[in-house]
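The values are calculated or read from the model by the stated rules, or taken from the named source; none is laboratory data. Just so it is clear, the model here is predicted, and its values are computed rather than measured. Methodologically, a virtual Cβ is constructed for each residue, glycine included, from the backbone with ideal geometry; neighbour enumeration extends over all protein chains shown. Just so you know, the surface numbers come from the protein's heavy atoms only, side chains and all, with ligands and any DNA or RNA stripped out. Shrake-Rupley method; radii C 1.70, N 1.55, O 1.52, S 1.80 Å.
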Amino acid sequence: MPGKNVNPTRMELTRQKQKLATAVKGHKLLKDKRDELMRQFLDLVREDMELRVKVEKGIKQANRNLVLARAGMSEETLKGALMAPKQKVYLETSTKNVMSVDVPAFTTKMRTSDANDIYSYGFAFTSGDLDASVKSLADLLPDMLRLAEVEKSCQLMATEIEKTRRRVNALEHVIIPEAKANIHMITMKLDENERSTQVRLMKVKDMVVQQGRREEAERTK
């Protein structure tokens, strides 16, 4: 449907053609962006599902070992073993751009490089189940952080996909058809005006010819 306030002039016709060309180009770019976002989004969703299963399984195992450790140790001994940890983890956050979406990126740094520093206690009065629980949680840390990255990235990319989809639909179903309708309407109006002008010129020519004939006839009398 053509716009209501469109002047049927050649300048407006040129403007509408430029608008159509820009809209078609933008539609293609946005459609390509949407498709690529969808591809990467689906990859992240698959990774998210795998990580979640792995993390939940690891946490379940760590909890099972902790329950066994509590059964074989006194409450005071367990609390004392975990009260003063040796190791610390420093988390640094940043972002990376994926198809114009800023997704989070996490990096970690340990206070010490000794792998045994995850155990904040001596092994004389603690059970092996506690060691297994602590080791399980330490091993899970990278996967837990990656899971947080992936899930937040999925949320952000889903929002961007929806925005891009709305823009693609607006171009495809509103702006491009409207520009085409305006071009068609203006072209028809200009053609109609041109035909009317030609008819007027032919009439004027006939009138001039008839006037010339009358004047010629009067001079020959």
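Taking the solvent-accessible surface of protein heavy atoms with a 1.4 Å probe, what is the per residue accessible area of the stretch 55-123 in Å²? Working shown, then result.
Values: 4860 Å² over 69 residues.
Accessible area per residue, the stretch 55-123: 70 Å².
Basic side chains Lys and Arg get +1 at the Cβ, acidic Asp and Glu get -1 at the Cβ, and with that the dipole of the stretch 1-64 about its Cα centre reaches some 260 debye.
Take every Cα pair under 8 Å whose residues are at least 6 apart in sequence, average their separation, divide by the length of the chain, and the relative contact order is 37 percent. Residue order by solvent-accessible surface for THR93, THR126 is THR93, THR126, largest first, with ligands and nucleic acids left out and a 1.4 Å probe.
Hey, if you put +1 on the Cβ of every Lys and Arg and -1 on every Asp and Glu Cβ in the chain, which of THR164, LEU42, SER136 ends up farthest toward the positive end of that dipole? Value: THR164.
Among the GluC sites (Glu not before Pro) within the stretch 29-62, not one is in coil by DSSP while having at most 11 neighbouring Cβ atoms inside 10 Å.
Mind ranking 70-81, 11-22, 106-117, 153-164 by how tightly packed they are, going by the mean number of other C-beta atoms within 10 angstrom, highest first?
Numbers: 70-81: 13.5, 11-22: 15.0, 106-117: 11.1, 153-164: 16.7.
Sorting 70-81, 11-22, 106-117, 153-164 by mean packing, highest first, produces 153-164, 11-22, 70-81, 106-117.
Dipole check for the chain: with +1 at the C-beta of Lys and Arg, -1 at the C-beta of Asp and Glu, and the Cα centre as origin, the magnitude is about 1580 Debye. Classify the stretch 7-55: rounded, prolate or oblate, from the alpha-carbon gyration tensor (a ≥ b ≥ c, eigenvalue square roots; a/c under 1.5 rounded; otherwise prolate if a/b is larger than b/c)? Prolate shape, in that a/c is at least 1.5 and a/b is the bigger ratio.
Each eigenvalue of the Cα gyration tensor of the chain, multiplied by 5 and square-rooted, gives one semi-axis; in descending order these are 84, 14, 10 Å. Rounding to the nearest 10 and keeping the result within 0 to 90°, find how far the Cα-based axis of helix 176-219 lies from the longest principal axis of the chain. Taking the Cα atoms of the chain, the angle to 176-219 is about 10 degrees.
Cross-linked pairs LYS31/LYS96; LYS86/LYS152; LYS28/LYS189; LYS96/LYS135; LYS88/LYS109; LYS88/LYS135: Cα-Cα separations exceed 19 Å for LYS31/LYS96; LYS86/LYS152; LYS28/LYS189; LYS96/LYS135.
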